[in-house]
Amino acid sequence: MSVRRHEIETTHARIAVRESDGKGMPVLFVHGNSSSGAVFRNQFEGEIGETYRMISFDLPGHGDSSDAFDPDRSYCMEGYADAMVETLKLMGIDKAVVFGWSLGGHIGLEMIKRFPGMLGLMITGTPPVAPEEVGQGFKISKHMGLAGKESFTEEDVENYARSTCGEPFEPFLLDVVRRTDGRARRLMFEKFAAGTGDNQRDIVAGATPPIAVVNGIDEPFVDVDFVARVKFGNLWNGKTYTIANSGHAPFWGKPAEFDPYLLRFIRDVA
């Protein structure tokens, strides 16, 4: 399975793009904080990538994309959402299924009002919280504070990469954390804490495309019980799902268990 790579110039950054060989409905994968689209390798190289046109964009300041041209504009959930929608438009894509991991799930929620062609959204490691609920949706964990830290030591790089992706661990996971523009972490975290984006608890309770929720049961950063209690206006199959023996990135660590959920969701909404 080959992956085609190219770049698109946007008003936010020069965006690095990966596309699979599949010819079916486009499926956009949005990665998490201090990561890149490379983390979706298992899906790109599996049945999903062979069947559907899988696409991942490296966020501004991440992976092979350039740093943001205007960090204050782009390094926040709503700025990233605008960048994703702009890039889809430049590619001529007006309909797609979206999968968002961690920060990428928050970006996906911000995309709903910006991208009318969203057929469905699956989120993993993403608690849809109101500003006053941040302490309920997220767990206090050993490495949580790194999410908003601008300057990383090598120890920080190692801790963040291992806690977010877990096993199997590969050296490129360190590279993508090390490459990330530290301003992206700091500004995103500051703006999220200040409540600059939409109230995501209200977003999911309203009129939305189908939203699927699949989390690792051993999630280190997110309270999965809190997520299960969130009121969704259009929750896929009427319930949230968890994957055993899996942490923050079940699509990476447990693809054999995760991918069937994603495949069924794509087929249902596309």
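Read the figures in this text as sums done on the coordinates, not as results from a lab. On a predicted model such as this, the values are computed, not experimentally measured, just so you know. Note that we place each Cβ from the backbone using ideal geometry, even for glycine, and neighbour counts take in every protein chain shown.
Taking label positions 7 Å along the Cα-Cβ direction at both K89 and R178, the computed distance is 3.7 nm, reported to one decimal. Cross-link reach is defined here as a Cα-Cα straight distance under 15 Å, omitting same-chain residues fewer than 8 places apart; for K113 the aspartates and glutamates meeting it are E78, D82, E86, D94, D198, D202. From the square roots a ≥ b ≥ c of the eigenvalues of the alpha-carbon gyration tensor of segment 182-270, which class results: rounded (a/c under 1.5), prolate (a/b over b/c), or oblate? Oblate is the answer for segment 182-270, as a/c is 1.5 or above yet b/c matches or exceeds a/b.
How high is the FRET efficiency between S151 and R14 when r is their beta carbon distance and R₀ equals 22 Å, given to the nearest 0.05?
Numbers: r = 24 Å, r/R0 = 1.09.
Efficiency at R0 = 22 Å is approximately 0.40.
Is there a quick way to get the dipole size of the chain? I mean about its Cα centre, with the Cβ of Lys and Arg at +1 and of Asp and Glu at -1; what is the value in debye to the nearest 20?
Numbers: 29 positive and 38 negative charges, 113 e Å.
It works out to roughly 540 debye.
Is the shape of segment 114-198 rounded, prolate or oblate, going by the alpha carbon gyration tensor and its root eigenvalues a ≥ b ≥ c, with a/c under 1.5 for rounded and a/b larger than b/c for prolate? In terms of gyration-tensor shape, prolate.
Of the three principal axes defined by the Cα atoms of segment 1-142, the extents in descending order read 43, 32, 32 Å. Residues in segment 161-170 carry Karplus couplings, in order, of 4, 6, 6, 7, 9, x, 9, x, 9, 10 Hz; the curve used is 6.51 cos²θ - 1.76 cosθ + 1.60 with θ = phi - 60°, and Gly or Pro positions show x.
Please report the relative contact order for segment 1-154, taking Cα pairs under 8 Å with a sequence separation of at least 6, and give it as a percent rounded to a whole number. Each step should come with its number before you reach the end.
Details: 297 pairs, mean separation 33.4, N = 154.
Averaging sequence separation for qualifying contacts and normalising by length gives 22 percent for segment 1-154.
For the pair E190 and R114, the difference between a 0.36 nm per residue extended length and the Cα-Cα distance amounts to 25.1 nm.
Cβ under 14 Å from R18's Cβ, R18 left aside: what net charge do those residues give with Lys, Arg +1 and Asp, Glu -1? That works out to -2. Extension gain for N237 to R73 (0.36 nm times residue separation, less C-alpha to C-alpha distance): 55.4 nm. Partners of K254 within straight-line reach, counting lysines whose Cα lies under 26 Å from its Cα and excluding those fewer than 8 residues away in the same chain: K23, K139, K142, K239. Tally Lys and Arg at +1 and Asp and Glu at -1 over the other residues with C-beta under 9 Å from the C-beta of R201: what net charge comes out? Net charge in that neighbourhood comes out at -1.
With the Cα gyration tensor of the chain giving a ≥ b ≥ c as the square roots of its eigenvalues, does the rule (a/c under 1.5 for rounded; else a/b larger than b/c for prolate; else oblate) give rounded, prolate or oblate? The partial results should precede the final answer.
Details: a/c = 1.16, a/b = 1.04, b/c = 1.11.
In terms of gyration-tensor shape, rounded.
How much of the DSSP bridge set in the chain is antiparallel, in percent, rounded to the nearest 5? Intermediate results must be reported in sequence, preceding the final value.
Working: 10 of 33 bridges.
Just about 30 percent of them are antiparallel.
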